[in-house]
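What follows is a short report on a single structure.
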Amino acid sequence: MSSVTASTPAEASSAPEPAARRGRLRAPVELEVVIPAYNESGRLPETLRQSVAYLDRQSWQSRIVVVDNGSVDETAADARVAAAVTERVDVVVIGCSRAGKGAAVRRGLLTSTSPLVGFYDADLATPLDTLVPTVEALQTGADAVIASRHAPGASFVIPQPLRRRAGGDMFRLLTRKLVPGIADTQCGFKFFRREIVQTAIARVRTTGFAFDVELLAQVQRAGGKIVEIPVAWTDVTGSTFHPVRDGLASFRAVFDLRGSHR
């Protein structure tokens, strides 16, 4: 049976260890799932239980990589306790001292050696069964596959509050020129062929919630094919996203990206 592996920023700079244990490089599996986590001790254990159970039923060998983004609660400890690993699913907990969801995702993606790698949020707002068509699309020519709440056929099981929806509508208008043809850049479920996402992410400078926009823009600039999968999405309470603080920062980041794009 596989074992839970944990590393922290301090461990990564101390005594010599195998690279996989330090969180710098991990042995390849068929599919690697990164879950960025900041103060997610309330939701992460159940997310891990559901994720491990789901992945264990699939044909692919998988790994879940929890990236603890400087949490001040018991996120890392709870992740290790909740991670019921199996013969087909490994669970790794690594640290990321740099603040921002984008920084956590970047660390998880850049330390992967698996052919298919991506991330989803700890709230499981996107159904886990989205992974099956995602893997199929990546295996048949897509370079990136993203869940979409606004592509034809998508629906909301529980919608966001009105203020969040209005802000999201404005945000999508601003991102159209940056990522043409993409209806929803912000759904927290995105998977890639490793080679193209590591090339793209090396050029990404945004670390906050606008990170997704710049990442997808860089995938397109690298010639990557992005496929959107419509999903039945559920708004889950407990998000660390602050509409004013994080919303304003995201808009500023997009304006900066638009200026750089021009």
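Considered as a group, the residues in region 215-248 that are closer than 15 Å to LYS101 by Cβ and at pLDDT 70 or above include one that is surrounded by the most Cβ atoms within 10 Å (Cβ to Cβ), and that residue is LEU215. Selection of first residues in region 209-233 that are under 14 Å from THR199 (Cβ atoms) and of second residues that are part of a strand (DSSP E or B) and among the β-branched types (Val, Ile, Thr), restricted to Cβ pairs under 9 Å at least 6 apart or on distinct chains, gives the following pairs, ordered by first then second residue: LEU216/ILE146; LEU216/ILE226; VAL219/ILE226; GLN220/ILE226. Quick check: anything in region 136-147 in contact (Cβ under 8 Å) with a residue 60 or more places away in the chain and over 21 Å from VAL179 (Cβ atoms)? Looking for residues that are in contact (Cβ under 8 Å) with a residue 60 or more places away in the chain and over 21 Å from VAL179 (Cβ atoms), one finds none in region 136-147, hence no. Kindly establish whether ALA103 is at pLDDT below 95, aliphatic (A, V, I, L, M) and closer than 15 Å to ALA122 by Cβ. No: the conditions fail for ALA103. Within region 18-36, restricting attention to residues that are touching a Ser or Thr at 6+ places or on another chain (Cβ under 8 Å) and modelled with pLDDT under 50, the residue that is most open to solvent (accessible area, probe 1.4 Å) is ARG21.
Every test in (1) open to solvent by 40 Å² or more (accessible area, probe 1.4 Å); (2) modelled with pLDDT of 95 or more is passed by GLY70 save one, and that test is (2).
Being touching a helix residue (DSSP H, G or I) at 6+ places or on another chain (Cβ under 7 Å), open to solvent by less than 70 Å² (accessible area, probe 1.4 Å), among the β-branched types (Val, Ile, Thr) and modelled with pLDDT of 95 or more holds for only one residue in VAL135, VAL145, and it is VAL145.
Checked against (1) surrounded by fewer than 21 Cβ atoms within 10 Å (Cβ to Cβ); (2) under 13 Å from TYR38 (Cβ atoms), TRP60 passes all but a single condition, namely (2). Restricting ALA99, ALA104, ALA83, ALA79 to those that are of a type in the set (A, V, I, L, M, F, W, C) and farther than 16 Å from VAL33 by Cβ reduces the list to ALA99.
Test ALA79 against the criterion of being in contact (Cβ under 8 Å) with a residue 12 or more places away in the chain, touching a Ser or Thr at 6+ places or on another chain (Cβ under 7 Å) and not in a strand (DSSP E or B), and give yes or no. Taking the combined requirement at face value, the residue does not satisfy it. Scanning region 83-94 for residues that are open to solvent by 10 Å² or more (accessible area, probe 1.4 Å) and outside any loop (DSSP other than H, G, I, E, B) returns a single hit, ASP90.
The values are calculated or read from the model by the stated rules, or taken from the named source; none is laboratory data. Remember, predicted model here, so these are calculated numbers, not experimental data. Every residue, glycine as well, gets a Cβ built from its backbone with ideal geometry; the counts of neighbours run over all protein chains shown. Each accessible area value is taken on the protein alone, full model and side chains, heavy atoms only, with ligands, DNA and RNA left out. Shrake-Rupley method; radii C 1.70, N 1.55, O 1.52, S 1.80 Å.
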